[in-house]
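What follows is a short report on a single structure.
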Amino acid sequence: MANRPLSPHLQIWKWGPHMAVSILHRATGDGMALIGLGVLVWWLVSMASGQAAYDNFTGWMWADLGALEWSGAAIATSLIKVLLKIVTIGLSWAFFTHLMSGLRHFVLDIGAGYELNTNKMWSILSPVIAILLTAGFWALILLR
Amino acid sequence: MGNGTSIGKVRGLGSSHHGAHHWLLQRFTAVGNVVLMGWLVASFVLLPDLSYATVVDWIASPVSATAMVLLVISTFWHARMGLQVLIEDYVQDSGTKFGLFALLNIAAFGGGALAIFSVASLALGGAA
């Protein structure tokens with residue numbers, strides 16, 4: 001029994017980069033579908049609802065961390081605002097990650113990139129390039 | 001499924017050139033997403049700031065408004081299909097699956113309509 005190949009269950013697979021990039025593609029895609037599109041709709045609706053609504057949106061999704069209060073009941077609000085700022089940055093990371101793994105899928109769809117070393121290389125490079133793009137995006141936004 | 005005729009047995013099951021429909025649409029909308037999200041990311045970077053006055057002025061122009069409406073359609077369509085596959089993969093009970101598909105359709109069409117209406121109201125000068 002001991003030397004037989006094991007059945008393919010999630011628990012007993014040895015993790016490889018191609019598996020990680022696959023589940024990352026699903027997680028970032030469905031994460032953006034469930035959370036990102038909600039934020040997109042909130043952003044557009046707040047824009048159409050006037051200055052006060054727009055300021056409310058940016059106040060929640062991109063709070064000024066220095067101006068947050070950390071006493072009494074305000075602690076809960078401040079914690080949520082810190083969390084939402086991470087969500088905003090996380091959504092940009094999810095976008096670039098899904099973009100890179102999606103472009104990888106386009107290449108695989110035409111039948112290319114299945115050689116073991118090539119496949120492994122792009123499985124590792126896709127999420128790494130995505131992190132660099134995320135960093136570059138925020139550098140351009142915050143340093144302008 | 002038909003009543004046993006050979007065409008009825010295969011229609012809609014993949015061998016009558018419809019099997020790749022969902023797969024192809026996922027790719028077509030993905031191409032749209034690459035182009036339109038590329039435009040949105042470039043806009044974020046190129047706008048002088050993301051203040052209310054700046055973004056409202058930007059979204060109200062005909063090209064921006066059209067691109068944003070197309071972006072909403074492409075991303076919501078793509079997301080709806082992606083979440084459909086998620087449900088198909090992980091939800092076994094057919095009743096729960098039916099309910100989730102109904103919820104998914106309401107969320108996708110409702111959210112998309114709200115987003116498009118907001119862009120249209122900004123573009124047509126109806127902003128508060």
### Query
How many residues, within segment A:114-144, are basic (K, R) and free of Cβ contacts under 8 Å to residues at least 12 places away in the same chain?
1
### Checklist (1) more than 16 Å from the chain's Cα centre (by Cα); (2) within 9 Å of chain B (Cβ to nearest Cβ); (3) part of a helix (DSSP H, G or I) applied to A:L103, failing item
(1)
### Task
Only one of these is surrounded by 15 or more Cβ atoms within 10 Å (Cβ to Cβ), within 30 Å of B:S121 (Cβ to Cβ), modelled with pLDDT of 95 or more and out of contact with any helix residue (DSSP H, G or I) (no Cβ under 7 Å at 6 or more places or on another chain): A:G90, A:G59, A:G50. Name it.
A:G90
#### Entry: Scan of segment A:38-93 for residues that are small (G, A, S), more than 14 Å from chain B (Cβ to nearest Cβ), assigned to a helix (DSSP H, G or I) and more than 27 Å from B:R80 (Cα to Cα), ordered by number
A:G66, A:A67, A:A74, A:A76, A:S78
### Query
Is there a residue being more than 14 Å from chain B (Cβ to nearest Cβ) and either touching a residue at least 12 places away in the same chain (Cβ under 8 Å) or buried (at least 16 other Cβ atoms within 10 Å of the Cβ) (or both) anywhere in segment A:21-29?
yes
#### Entry: helices (runs of 4 or more DSSP H) contained entirely in segment B:49-128, each with at least 1 residues that are within 24 Å of A:G29 (Cα to Cα), more than 9 Å from chain A (Cβ to nearest Cβ) and more than 18 Å from the chain's Cα centre (by Cα)
B:62-90, B:94-123
### Message
Any residue at all in segment B:14-30 that's within 9 Å of chain A (Cβ to nearest Cβ), touching a residue at least 12 places away in the same chain (Cβ under 8 Å) and assigned to a helix (DSSP H, G or I)?
### Response
yes
### Task
Scan (1) within 14 Å of another protein chain (Cβ to nearest Cβ); (2) surrounded by 13 or more Cβ atoms within 10 Å (Cβ to Cβ); (3) at pLDDT below 95 for the single condition A:L10 breaks and write down its number.
(2)
### Query
Mind checking which pairs have a first residue in segment A:60-71 that is within 21 Å of B:L50 (Cα to Cα) and a second that is small (G, A, S) and surrounded by 10 or more Cβ atoms within 10 Å (Cβ to Cβ), Cβ under 7 Å, 6 or more apart or different chains?
A:L68/A:S78
### Query
Which one of these is at negative phi, surrounded by 16 or more Cβ atoms within 10 Å (Cβ to Cβ), modelled with pLDDT of 95 or more and among the hydrophobic types (A, V, I, L, M, F, W, C): B:A115, B:A102?
B:A115
### Task
Mind telling me which of the residues B:T29, B:T66 ends up being surrounded by 14 or more Cβ atoms within 10 Å (Cβ to Cβ) and either modelled with pLDDT of 95 or more or touching a Phe, Trp or Tyr at 6+ places or on another chain (Cβ under 6 Å) (or both)?
B:T29
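The values are calculated or read from the model by the stated rules, or taken from the named source; none is laboratory data. Since the model is a prediction, treat every value here as computed from it, not as a measurement. FYI the Cβ positions are ideal-geometry reconstructions off the backbone, even for glycines, and counts take in every protein chain you see.
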